[in-house]
Amino acid sequence: MRVLTGIQPSGDLHIGNYFGSIKQMIEAQNDNETFAFIANYHAQTSLSDGKRLSELTMQAAIDFLALGIDPQKTVFWVQSDVKEVLELYWVLSSFTPMGLLERAHSYKDKVAKGIAPNHSLFSYPVLMAADILLYSPDVIPVGKDQIQHVEITRDIAIKFNNEYGEVFKLPQYKVDENVATVPGIDGQKMSKSYGNTIEIFSEEKKQLKKIKKIVTEQVALEAPKEWKGCNVYNIAKLFLDEEGCKELQQRYERGGEGHGHFKLYLHDVIWEYFRPFREKRAYYQTHQDEVREILQMGASKAKEVALPLIEKVRTKTGIAY
Ligand code: ADP
Ligand code: TRP
């Protein structure tokens, strides 16, 4: 099965991103044909600082390679290195009724938040449709907020296919219902916009400071404690196997340790868990030319898939003459 993912280069990744999507993406590499790209054109809809965008793009590449994207298994590239996506975006625009975009939740939400409604924000789903249809994937793993974008992609593809025959494969979205929502340090869903995140790659002191802020109930040191519903436990269990979870539960039930101890333990567990990723990341930070080479190799592989498709589109629509 061909699985395609687009990654917005949006800065520091947190453990919600890791357990909510990155881990599944890495696992999918083993028994699927995986395609993943950094959506830097999409990032332009909300970022006009060019220096920042180019840094974020490199950072995203480094982070995802460090976390386990294997460029031998996954076609991994930067969106703008395959310019054909912009050509397809234009062609698809003529098959996108205004009403379809006017109904897009993501656009409406962004405008409601006060973001100026410019054209790129409005036509964002058409570019996303081009990203998808150019590579004929079977499945797009998404969070719930992106379902509608894949539905729009299907609507656009159907309209085009009705006109020109079966050019585009209709993609399916996949929402992983087994993935639990990772709680933040305040117990709400962990999210950049709530300021309650624990970053994957922060400095050790900063990480510890965040963990110390995790909201816990006030109980005397000697008293047995509830692990069920405890924010520290709920984060720790993501990193522990069954035995590790049992041991921690027993420490809660035994009493004699406070939440401060469990927080220190959680910090150690997280720090150790990401240690190998951190080392790999440090390597890529100092070998950015190697990262660029990997991305170029990915772009060439992506083009091998994209070019025959775009040729077909050019022929069908009469752009080839
Ligand atoms: P944020 O809410 O911090 O802005 P994004 O919306 O950029 O995060 O999320 C990127 C990916 O990470 C999405 O696939 C999303 O489903 C996943 N994700 C983000 N936060 C969590 C969380 N707290 N629990 C599970 N998955 C999450
Ligand atoms: N819109 C997606 C997001 O915000 C990123 C994205 C762009 C994408 N193009 C895509 C995801 C194509 C999947 C397929 O997360």
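The values are calculated or read from the model by the stated rules, or taken from the named source; none is laboratory data. Just so we're clear, the structure is a prediction, and the values are computed from it rather than from any experiment. Every residue, glycine as well, gets a Cβ built from its backbone with ideal geometry; the counts of neighbours run over all protein chains shown. Note: areas computed on protein heavy atoms with side chains; ligands, DNA, RNA excluded. Shrake-Rupley method; radii C 1.70, N 1.55, O 1.52, S 1.80 Å.
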Quiz item: Based on the Kirkwood radius over alpha-carbon pairs, what value in µm²/s does the Stokes-Einstein equation return for the translational diffusion coefficient of the range 32-154 at 4 °C and 1.567 mPa s?
Solution: 83 µm²/s
Quiz item: Once you have the alpha carbon radius of gyration of the range 246-321, what is it after dividing by 2.2 N^0.38 Å, with N set to its residue count?
Solution: 2.26
Quiz item: Calculated from DSSP H runs of 4 or more alone, at -39500 (n - 2.57) each and per residue, what is the 222 nm mean residue ellipticity of the chain, nearest 500?
Solution: -16000 deg cm²/dmol
Quiz item: List the lysines whose alpha-carbon lies under 22 Å from that of Lys312, not counting same-chain residues fewer than 8 positions away?
Solution: Lys83, Lys159, Lys169, Lys301, Lys303
Practice problem: Output the Cα-based Rg and Dmax of the range 202-273 in Å, rounding Rg to one decimal and Dmax to a whole number. | Solution: 11.7, 33
Exercise. Determine, for each peptide in 114-125, 302-313, the mean count of other beta carbons within 10 angstrom over its residues, then list the peptides with the highest first.
Key: 302-313, 114-125
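How large is the Rg to Rh ratio of the chain when both quantities use alpha carbon positions and Rh follows Kirkwood? The partial results should precede the final answer.
Working: Rg = 22.2 Å, Rh = 21.6 Å.
My calculation puts Rg/Rh at 1.03.
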Quiz item: Per residue, what accessible area does the range 202-273 have, given a 1.4 Å probe and all protein chains present, in Å²?
Solution: 60 Å²
Quiz item: To the nearest 10 degrees, how steeply does helix 147-164 sit against the main Cα axis of the chain, on a 0 to 90 scale?
Solution: 20 degrees
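Where does each of 48-55, 223-230 land if you order them by average Cβ count within 10 Å, highest first? Walk me through the numbers before you get to the answer.
On the way: 48-55: 10.9, 223-230: 14.1.
The peptides rank, most packed first, as 223-230, 48-55.
Just check the range 105-198 against the gyration tensor rule for me: Cα atoms, a ≥ b ≥ c as the square roots of the eigenvalues, rounded for a/c under 1.5, and otherwise prolate or oblate depending on whether a/b exceeds b/c. The partial results should precede the final answer.
On the way: a/c = 3.51, a/b = 1.61, b/c = 2.18.
Oblate, since a/c reaches 1.5 and b/c is not below a/b.
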Exercise. Would you list, by chain and number, the lysines whose Cα falls below 20 Å from the Cα of Lys210, excluding same-chain residues fewer than 8 positions away?
Key: Lys189, Lys192, Lys237, Lys263
Quiz item: Got a number for carbon plus sulfur as a percent of the chain's accessible area, 1.4 Å probe?
Solution: 51 percent
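Kindly work out what percent of the DSSP beta bridges joining two residues of the chain are antiparallel, to the nearest 5. Display every interim value, and only then the final one.
Working: 2 of 17 bridges.
In the chain, approximately 10 percent of DSSP beta bridges are antiparallel ones.
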Quiz item: Over the range 34-85, what per residue volume does the convex hull of the Cα atoms give, in whole Å³?
Solution: 81 Å³
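Taking a temperature of 20 °C and a viscosity of 1.002 mPa s, what whole-number D in µm²/s does Stokes-Einstein yield for the range 181-318 with Rh from Kirkwood over alpha carbon pairs? Don't skip to the end; give the middle numbers.
Values: Rh = 18.3 Å.
It comes out at roughly 117 µm²/s.
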Quiz item: Taking Lys110 as the anchor, which aspartates and glutamates have their alpha carbon closer than 15 Å to its alpha carbon, excluding any fewer than eight residues away along the same chain?
Solution: Glu102, Asp145
